[in-house]
Every structure is written in C-alpha cells, then in structure tokens.
There are 2 protein chains.
Amino acid sequence: MGHRAAIVGAGHTRFGALDVGPRALVREAVDEAFRSVDLGVDRAAVGEGFLATLGFGGWQIGNASAVLAEEAGLAGVPTTRVENACASGGTALRTAVRAVESGGADLVLVAGLEKMTDVPSARRRYWLGVSGDTEWERSAGLTFAGVYGLIASRYVADHPEGRDALEEVAVKNHENGALNPKAQFQKRVTREAVRAAPRVADPLGLYDCCPVSDGAAALLIASADTARRYTDTPVFVDGLGAGSDFLAVQERADLTRFGATRWAADEAFHSAGVDRSEISFLEVHDCFTIAELLALEDLGFAADGGAARMTLDGETRRDGRLPVNPDGGLKAKGHPIGATGVSQAYEVFLQLRGAAGARQLSGASRALSHNVGGAGATATVTIYSVG
Amino acid sequence: MGHRAAIVGAGHTRFGALDVGPRALVREAVDEAFRSVDLGVDRAAVGEGFLATLGFGGWQIGNASAVLAEEAGLAGVPTTRVENACASGGTALRTAVRAVESGGADLVLVAGLEKMTDVPSARRRYWLGVSGDTEWERSAGLTFAGVYGLIASRYVADHPEGRDALEEVAVKNHENGALNPKAQFQKRVTREAVRAAPRVADPLGLYDCCPVSDGAAALLIASADTARRYTDTPVFVDGLGAGSDFLAVQERADLTRFGATRWAADEAFHSAGVDRSEISFLEVHDCFTIAELLALEDLGFAADGGAARMTLDGETRRDGRLPVNPDGGLKAKGHPIGATGVSQAYEVFLQLRGAAGARQLSGASRALSHNVGGAGATATVTIYSVG
C-alpha cells in the first residue's frame, strides 16, 4: 500500500526536571520542528494543530489546544486537544495523519507536552492515578506502579527468567539513554545496582520505573503528495493502529496480555502491508520494565513469555537483531505524559534519516512505535519508512 | 460539493441534575443512538469511537475514552478523547467526520458526557475555570461569568438595545426549552422575571447564565456512501469548520468578536459550498445570553451590533425568519460541557428529519451548529442537510 502521510520536521526539548514553563516548552519544541525542515516551510502553510497533554496537575486542564496556536504563531488555525492518558501523543499523531488523509489539511502540527515536576508529590499521585480506573483502582488506592507490579508478579511467576529480563531492560535502556543528549537520565546502571535498588512494587524496584518528567516534542506532518516540497528525506507513516481495553485490569481475561496493543498492532501491520520481519527497530512504551516485555509479545515480535529470553539474549540491544528503545525509552529518556508518543516519532525521524548521532543504528529503514495509555486501556501503533 | 459524512443515529439523555452515574449516562445515550437507526445496525460495524468530556470534577480525567468502548459494547475498538473545553462535542464530531473521510472507518460513534452536579460548588468554580486562561484570568479569580460579563458590558455600551436583547434571548430560549422533554428547564420566563433576577456579573443576571448540568448525547456517523444502508433519511454533514484564538481575552483586538467562530464559519461555509441564506435554523453556543448575540454576528447572520435588533424583532424565535436554538439552547436545555456540541447535532438530526415533536420547525432542510470552547479560544461550526 502507499504512504499515508509523512513527517517532514521534528523538534524535542530536553526531558527532565526543567525550570521552564509549559508554554515555553511547547514553543521550544515547535520552533525546533520548524527549523528542522530541510527545504524550509512557511508557518502559514500549517492548516491544523493537535496538542497531546494530560494538563498535568492543573496547568490549563481545559482548552489547552489554543495554547498551541498561540505559541506556534498560528493565529486562528484550528487546534484540538487529544488525550488518551500516556497514549495521548501516539493518538494525536494518528489523528493528525487522519486529518491529512481526509483532505482537511496538507500540513499539520502535532505537539505533546507535560509539565509534571511543579506538582507536590501527594497531588502527583492523584494526577498519575487519574488515568487508571477511577471506580475500582484509584479509589482503592492502587497506583500505576501497583498495577504494573501485579502484572510483573504474574509474568515472573509464569516465566521465572522474567526477573532477570526486567533487570536487563533497565540496564539496556539506561545504556541507550546515556547516548541521548535529550534524555532525563544519561547514565548507565549495573545489574547489581538495579537489583539492590529500593523496591517500589515487587518485583519492580526503583530502576524498573520511569521517572516524573517535564518536556515537549513536536512533529510536522505533510500529506504524502506534498512531503517532498519540504525535504528530500521524508519519514513516511505507512501504518496506523489503535485499540482499547477495559480500564480496570480486573475486567480483563489475562493480566499479562494488553488487548489494546494487540488490536493496534494488527491494524497497523494490516494498513502498512508489511511483515514484522521488515521492521528495523522499535520504540515501545516501557513506563515500567515489565511493559517492554509485554510490548514485545503483544506486538508479535516474541511468543507469549518469549520476550524475557529475547531480552536476556541481547537481541533488543542497540547492536542486537531488533533494537528496542534506542533513545533510552521512557525508562531513561523520561516520560512527560503527553509528550511521550510524539517523542517516540521524533526518535524514529532521527534514526531513519541517519541523524541520531552517537546512538545511530546502522541500516534502519523501517520502524515501529508503540504508545500505551494507563495500564493498557488504550494503545497506538505506528509504522514508518524512509525513502 | 458533495456530502462529507452522515448522521444515521442519535441519542440523548435528559439534561439536568441527575441521580445517575457517568457510565450509565454514556450507556443510555449510546443505546438510544443505536436503537434510533431506522434500518438497524450491528454494533460490530463501528470501527472507531470518540468521547468528548472535560472529566468534570475528577471523574476519570485521564483515559476516559476507554469507557466509551466498554459502555457501548465495542471491545477493542479504538477510542479517542477529544477535549476543547465547551467545544469538545463539536470538535469530536469534526474529528469523527474526518476519520470517516480518511477512509479509516465507515461507521463511527461519537459521545459527549459531563457529570457536573456531583462536585461541591467551591470545586465547581475551579473546574469551570480550568478551561479559561490559567495564567492571567483563572489565577486572578476571573470566572467565566465574569469574562462574559465584561464582554456583555462592552456590547451594551456600544449597542444600548443590547440590554433588552439579552433579556429576549433568555425569554425565547426558555420558551423553546419548555417544549423540549429532555431540557433541564422546561418552563417559560417573563422579561420582568429576567430583569428582576439576581445579578451574576452585570449586565448578566441569573437568567442570562446557562445552568450546571449532567447529561450525555451520542451520534452514529457513517460515510456518505454507506449512510443509506442505515436509514432512508440520513442527515448529511456538508461543511466543517474550526478555529482558535488567544485564551486570555486581554490578548484579543476586540472583546465582542470571537475570531475562532469567524474562522470556523468561513471554513464551514466554504467546505459546504452553500450560502448563509440557505440555512433554515441555527443551534448556537449560548452559554450566556450575550454569547448568542455574538454568535449571530460572528457567524455572519447579522452585522456587528445587528444581532440585538434581529433578536428584538423576533427573527430568531421558533416562528421567525431564522430560528435559533429551537431546543432551548444551553440556556434552558442545559450545558453538560462535553455533551453540548453532540447535543446540538442531535437537535439538528431530529429537526431535519421532522422528528422534533412539539418544537418541530416547518420546512427545515439545512442547519448550522456552533460550539464554543471557553470564552472563545476554540470554536467549531458544522453545516448539515437532509435529503
């Protein structure tokens, strides 16, 4: 099948605990996206904007999309906030590609933002909890770390090598993050340090959990027909998928399978018309280390339970058969909620154009990104190519 | 130009202070939408869902779209939350039509929901404020009634007949609401009662302000090609528009012109390829009575300042030249934030199919709906026809 749309520009702030306000974060990422367009772009060509954000902690919870038009200098241009919790960025990207495909706009701006570190830790727990199930989980005090701890317990009980694999995910993603100048954590960790870290929700310890982050990322999406006006090396979006599942994990048939990811992957591969074997590398949603193992299985790159062995065998390392999270993942790069899915596409944009610097993969021509909302109630999958 | 998509089913709960939870509200509106499909519909035909909600007061602020799949019985189907404050419903409708036009789905479910009355009044002020500008307005204590009071003061200073016209908007919309069995207020009010009511933000009194409401509404949107599988009288969406503006009103050139509405109207009329003279009636966003006057002018149905005279002359009454808000508008029908834009399309669906009961307009063949986010930072306009 043909290309659906193309990324022609991308920008990204540093992720971390930043002493910068949310508007300035959006502006920085958007400005970098405009500057990155090889052949230049007139801002007036942008016909539509999408903002992915949870409005974390109270900053402009409602109507935040208008800020995107303001900060991007796009007076009057229609803007829409898209929110599917931690999958907001991937969902905004999908909605933007759809907008281009519908003929509604030839060039669309997508931005993702979160400013999380302004919020005191007690309120932060509330704000992280709002994307989990409200009725059964949040009101009972179950946090996301708690939910993923339950999932990891089940996985490790079924697959004992899972415990070592969780550690290896942390080590690998920190190793990758150490090469990413925009990552929140640019330091390696050892298996011993991961094992010795304080427990958060057993078997998950401190190094199994992504941090609380500030940051923004932005993309310029052009129609497949017009993309070469902006660059000789557009990164095409070939496949899109999304899916949903019960909010409360108690309603699901299986704790260690995310149905939303499976649904999204099927749709994305079907629409792209490519096989899993053609994918060079993955950006997956590793909010906790266990989530990376689940992703490999749910996306169809490992059999159920097989992700642990694949990880321990080094296949997902930067020099492995199928590199996973070359930017450090949510684990080391950081996870400013609304920005994450957009940030994944930014990494794909750099890698497929050979612009990823010290962490550049060799020979990458197709990639997949995977973004999960909450504990798997929503998910998106996007498949890209360059050429 | 051709039809862009079609509404083939619609459902609506009663609006008001309801002793029903948010999930049950969604389910009721969605079930009614499915039941309303004349020739029947298989739920498995729905390929996508959009939920418009502000997550008012804390109910499932994040990832709420997954609830739509659960309550509609659409396991696995991709769902997306679209939020542009009070324009969330119109924005979700626009996004859904785009999804259909992109070829991504042939049948899409759109629902709008808010459950506002559970929230104590002090927190309610916060939750209403979150959709206004955070940095300049909310943090200074300026409420929406305050912002619209400032706008109304300016309007009345420029156009002295505006004060009487504001009263007439309240009287007319209550008169229409009295005929709508799903309206929150089904009672008429007199000009004298409106004038004698307690002031909220002068010149706006109690009857100039829409109420705090619970409620949900739902639509089934089919591609224009497949619509007649579901009904012999689809309501086609012919034109779509949206626009944005500065969040803070202090940044705008003119207090009494909403640039976002003007941008949206231009785009909607251009895409529909029809003239204003062809529109039979309007559903406009009258969160305060002043907003109905601004809407008539911003949408191009009255010259600047001319909406007051048009209203006082009775042109916008149910039996006037251009009926406005035959369902009672936000003013009398109620304004459960995320539901409002969807509810407007529901009224259009009934009126254009001759199914609006006691409030049926005669000879309506084309309609326009207009949904505003916050104090005009976002807006959508939709143009419909039947046939």
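Rounded to the nearest 500, the 222 nm mean residue ellipticity of chain A from helices alone is -10500 deg cm²/dmol, with -39,500 (n - 2.57) taken per DSSP H run of at least 4 residues.
Peptide packing for B:47-57, A:265-275, B:167-177 was compared via the average number of neighbouring C-beta atoms within 10 Å per residue; ordered from the highest value, the list is B:47-57, B:167-177, A:265-275.
Here the residues B:SER369, A:SER343, B:SER223, ranked from fewest to most Cβ neighbours within 10 Å of their Cβ, fall in the order B:SER223, B:SER369, A:SER343. Remark: A:ARG94, B:ARG317 ranked as B:ARG317, A:ARG94, counting other beta-carbon atoms within 10 Å and listing the fewest first. Debye-formula intensities of the protein assembly as shown, expressed as log10 I(q)/I(0) at q = 0.05, 0.06, 0.08, 0.10 Å⁻¹, are -0.23, -0.33, -0.59, -0.91 (one equal scatterer per alpha-carbon, no solvent). Hydrodynamic radius of the stretch A:283-339 by the Kirkwood approach over all distinct alpha-carbon pairs: 11.5 Å. Could you state the angle between the C-alpha long axis of helix B:144-158 and the longest principal axis of the C-alpha atoms of chain B, as a value from 0 to 90 degrees rounded to the nearest 10? The angle comes out near 60 degrees.
For the peptide A:228-240, the mean number of other protein chain Cβ atoms found within 10 angstrom of a residue's Cβ is 0. By the rule of a C-alpha distance below 14 Å, with chain neighbours fewer than 8 residues away ignored, the aspartates and glutamates paired with A:LYS187 are A:GLU175, A:ASP327.
A protection proxy built from the mean count of other Cβ atoms within 10 Å ranks the segments B:226-238, A:287-299, most packed first, as A:287-299, B:226-238. Shown in residue order for the stretch B:255-267 are the 3J(HN,Hα) couplings computed by the Karplus curve 6.51 cos²θ - 1.76 cosθ + 1.60 at θ = phi - 60°: 5, 9, 10, 9, x, 4, 5, 4, 4, 5, 5, 4, 5 Hz (x for Gly and Pro). Listed from fewest to most Cβ neighbours within 10 Å, the set B:LEU255, A:LEU18, A:LEU39 follows the order A:LEU39, B:LEU255, A:LEU18.
Taking the empirical scaling 2.2 N^0.38 Å for compact globular proteins as reference, the stretch A:102-172 has a Cα radius of gyration ratio of 1.65. Bridging of A:LYS182 to lysines at a Cα separation below 30 Å is possible for A:LYS115, A:LYS172, A:LYS331, A:LYS333, once same-chain residues fewer than 8 apart are set aside. Just to confirm the number: angle between the C-alpha axis of helix A:88-101 and the first principal axis of chain A, 0 to 90 degrees, nearest 10? That helix lies at roughly 40 degrees to the long axis. Phi angles across the stretch A:34-47 convert, under the Karplus curve 6.51 cos²θ - 1.76 cosθ + 1.60 with θ = phi - 60°, into 3J(HN,Hα) values of 5, 5, 6, 6, 3, 9, x, 8, 8, 4, 5, 6, 6, x Hz, Gly and Pro given as x. Less than 5 angstrom separates the built amide H of A:VAL77 from those of B:SER244, all sequence-distant by 5 or more or on a different chain.
Averaged over the residues of peptide B:246-259, the number of Cβ atoms from other protein chains lying within 10 Å of each residue's Cβ is 1.
For the pair the stretch A:1-57 / the stretch B:146-167, the C-alpha centres are spaced 40 Å from each other. The Cα atoms of chain B define a convex hull whose projected area, averaged across directions, is 16.5 nm². The phi torsions of the stretch B:52-62, fed into the Karplus equation with coefficients 6.51, -1.76 and 1.60 and a -60° offset, translate into couplings of 9, 7, 8, x, 3, x, x, 5, 6, 5, x Hz, rounded to whole numbers, with Gly and Pro shown as x. Geometric descriptor of the stretch A:7-105, per residue, is 107 Å³ (volume of the convex hull of the Cα atoms). Taking Lys and Arg as +1 and Asp and Glu as -1, the other residues whose beta-carbon sits under 13 Å from that of A:PHE15 total 0.
Bear in mind that the values in this text are calculations on the coordinates, not laboratory data. Everything quoted here is computed from the prediction, not taken from an experiment. Counting neighbours? That spans all protein chains shown, and the Cβs are built from the backbone with ideal geometry, glycine included.
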